[in-house]
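To start, the structure itself, in structure tokens.
We did not get these values from a lab; they are worked out from the coordinates using the rules stated. This one's a predicted model, so the numbers in the text were calculated from it and none came from an experiment. A quick note on method: Cβ atoms are made from the backbone with ideal geometry, for glycine too, and the neighbour counts reach across all protein chains shown.
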Amino acid sequence: MSLRPKYISFDCYGTLLYFEMAPAARRLYADRVSDAAMNAFTADFSAYRLDEVLGAWKPYRDVVEGALRRLCTKWRIDYRDSDAASIYAAIPSWGPHPDVVAPLQRIAEAYPLVILSNSMKDLIPHAVRALKAPFHAVYTAEEAGAYKPHMRAFEFMLEQLGCGPDEVLHCSSSFRYDHMTADDLGIRMKAFINRGHEPVCSGYNVREMVDLGGLPELVGL
């Protein structure tokens, strides 16, 4: 059965754009972490970034720095002042997954598209330009004063749109950052874009798809 939302909202990095934190860390720490240990190292980096956004809002560069400092402490390797700056500076260069631009452009002809991103006001324009689709609204954690998975991030989006949770279809490749909180807030229309970086979690009423190419059909296009 097709869904008929008033708005379609998207997580940005990871879902629409390649999220290149792990590749960036692999390059940066190749001189300090062995090849055999690198998968575990980047998994810990991901875990620390999530933990860093669970507190009070702070600039995303500080999130990256805090995660890297804690990561280096755990792994007993040197943290260099240039580490966070190097990874953060790469974010504007990240581009979209190959399945993204055409479906977005098609859907935008029928539905207002929204981004809700754990990003900054100075970073997100680079992502929007790369996506080459018209967005009705783009909201960042900086504007909301909270990162996902905080409820406040989603509440900010709903307040700005002037709609209820039952009027939004939210699309994300992450249960931990997006779908769990969205479900708690009553967002029943959810699409999980399975990019392979998180396991599928049952009980959250998502429509699962392997890429964004399945989204037009989901909304009756």
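In table form, for the structure just shown:
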read-out	value
Reduced Cα scattering model of region 160-202, Debye log10 I(q)/I(0), q = 0.19, 0.24, 0.25, 0.31 Å⁻¹	-0.54, -0.80, -0.85, -1.14
Leading residue at positive end of dipole, the chain (Cβ point charges), from Thr181, Ser86, Met21	Ser86
Debye intensity ratio I(q)/I(0), log10, the chain, q values 0.07, 0.12, 0.15, 0.17 Å⁻¹ (C-alpha model)	-0.22, -0.63, -0.97, -1.22
Amide hydrogen neighbours beyond the local backbone of Cys201, cut-off 5 Å, H modeled	none
Per-bin percent of Cα-Cα distances, region 21-93 [5 Å]	3, 17, 31, 28, 15, 5, 1, 0
Taking Asp99, Asp83, Asp35, Asp51 and counting other C-beta atoms within 10 Å, the order from fewest to most	Asp35, Asp51, Asp99, Asp83
Max mean-square fluctuation residue, GNM over the chain, Cα-Cα springs under 10 Å, options Leu116, Leu28, Leu104	Leu28
³J(HN,Hα), Karplus 6.51/-1.76/1.60, whole Hz, each residue of region 66-71, x for Gly, Pro	x, 5, 5, 4, 5, 4
Length-normalised contact order of region 108-221 in % [C-alpha pairs under 8 Å, at least 6 apart]	17
Val138 long-range amide H proximity, modeled H, under 5 Å	Ile115
Approximate spin-label separation Asp78-Glu109, in nm, with each point projected 7 Å along Cα-to-Cβ	5.7
3J(HN,Hα) from dihedral phi, region 32-49, Karplus parametrisation 6.51/-1.76/1.60, rounded to Hz, x for glycine, proline	10, 10, 6, 4, 5, 9, 5, 4, 5, 5, 6, 5, 5, 4, 4, 5, 5, 5
Degrees, to the nearest 10: 151-161 long Cα axis against longest axis of the chain	40
Amide H contacts under 5 Å for Thr15, placed H, 5+ residues apart	Ser173
